[in-house]
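K.L.:
Let me give you the structure first, and then I'll get to my questions.
The values are calculated or read from the model by the stated rules, or taken from the named source; none is laboratory data. Fair warning: this is a prediction, and the values are worked out from it, not measured in the lab. In this analysis, Cβ positions are derived from the backbone assuming ideal geometry, glycine residues included, and neighbour counts consider all displayed protein chains.
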Amino acid sequence: MSKKVWSMCAGLLGLAALTLCAIPANAQMQEVKPKPPMYTYVANWQIPREHWPDIESTTAPADGALQKAFDDGTLVGFGSDTALVHTLDGSTHDTWWSSMSMAGLIKALEKARAATDPHSVTFNSAKHWDDVFVSHYYNWKPGSFKGAYTSVSMYKLKADAPDDALKNLSEHLVVPLLEKQLAAGTILEYEIDVQAVHTTTPGLFFIVYLTPTPEGIDTVQAAIRDSVKDHPLGIQAFGSVTDFTAHRDELDKSDGIYK
């Protein structure tokens, strides 16, 4: 679940911008309420290219520890991502896991670290950083996935945005569209994240969705474009509360499982 890249112009065709821009009136009538917090830990790695073939064997011990934490109910999901769109300072790979408590997240972290070889050449040659996120808006289809695609778009709320700006955007705009895509089988999972541990500037939020095929990305974008035709002024509402200069995207190839 590392976090996903289009320009502003292309973003008008992408999920993060247009999901917030325009949702059909009937979808907006769907009642959406925040869920109990779901926490996600993301271990990010910028691994030199010569070590990419070693990733699977290097992460296998930690994956085994995360599988045990998943089996005993500590985790509700875990997996890994490989970046498809690389940036100069971004990650090439990540491992993530989600729990319904910070305690569960930390217990899984300690197990994963204990299982990892501290002398690993692959990891010791890499740049590394971690993120901890929390979401109150999420849903998924249970089961495993392999070779899926994760799209994550990052935005920042303006300093003068109302305290309930993200809540309103999520409940009235983002979630109804993503729920429709989930029900149709176009996507397997979605979440709207903020940082639970602020390692960067506060005010960031992330819109994430997982699709099993590349065609799913096109399907989601087409649904968003159709919505925009019906509600061309919706982008103004989005722009009124966000600083678009902070917008960034990621696109990853993903393996994982949800309970």
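K.L.:
Can you pull out every residue in region 55-89 that is among the β-branched types (Val, Ile, Thr) and closer than 18 Å to Ala114 by Cα?
P.N.:
Hits for region 55-89 are Ile55, Thr58, Thr59, Thr74.
K.L.:
Here is a further query. Can you name every residue in region 106-123 that is of a type in the set (Gly, Ala, Ser) and surrounded by fewer than 16 Cβ atoms within 10 Å (Cβ to Cβ)?
P.N.:
Result: Ala114, single match.
K.L.:
Take the residues in region 196-211 that are assigned to a strand (DSSP E or B) and touching a helix residue (DSSP H, G or I) at 6+ places or on another chain (Cβ under 8 Å), then tell me which one is nearest to Ala246 (Cα to Cα).
P.N.:
Leu204
K.L.:
Next question. Kindly provide the set of residues from region 102-149 that are polar (S, T, N, Q) and not in a helix (DSSP H, G or I), ordered by number.
P.N.:
Of everything in region 102-149, those that are polar (S, T, N, Q) and not in a helix (DSSP H, G or I) turn out to be Thr116, Ser120, Ser125, Ser135, Asn139, Ser144.
K.L.:
Let me ask something else about it. Test each condition in (1) under 25 Å from Ala83 (Cα atoms); (2) surrounded by fewer than 16 Cβ atoms within 10 Å (Cβ to Cβ); (3) modelled with pLDDT of 95 or more for Ala184 and report the one that comes out false.
P.N.:
For Ala184, the exception is condition (1).
K.L.:
While we're here: Filter region 88-105 down to the residues that are surrounded by fewer than 15 Cβ atoms within 10 Å (Cβ to Cβ) and modelled with pLDDT of 95 or more and list them by number.
P.N.:
Ser101, Ala103
K.L.:
Right, Thr95: farther than 23 Å from Thr245 by Cα and in a strand (DSSP E or B) or not?
P.N.:
yes
K.L.:
So Gly203 passes all but one of these: (1) surrounded by fewer than 19 Cβ atoms within 10 Å (Cβ to Cβ); (2) at positive phi. Which condition number does it fail?
P.N.:
Here Gly203 meets the rest and fails (1).
K.L.:
Which of the residues that make up region 212-259 are of a type in the set (S, T, N, Q), surrounded by 13 or more Cβ atoms within 10 Å (Cβ to Cβ) and not in a strand (DSSP E or B)?
P.N.:
The answer is Thr219, Gln221, Ser227.
K.L.:
Is it the case that some residue within region 49-59 is modelled with pLDDT of 90 or more, among the small types (Gly, Ala, Ser) and under 19 Å from Phe206 (Cβ atoms)?
P.N.:
Looking for residues that are modelled with pLDDT of 90 or more, among the small types (Gly, Ala, Ser) and under 19 Å from Phe206 (Cβ atoms), one finds none in region 49-59, hence no.
K.L.:
Counting just the residues of region 170-195 that are of a type in the set (A, V, I, L, M) and in a strand (DSSP E or B), which one comes out farthest from Met102 (Cα to Cα)?
P.N.:
Here the answer is Ile192.
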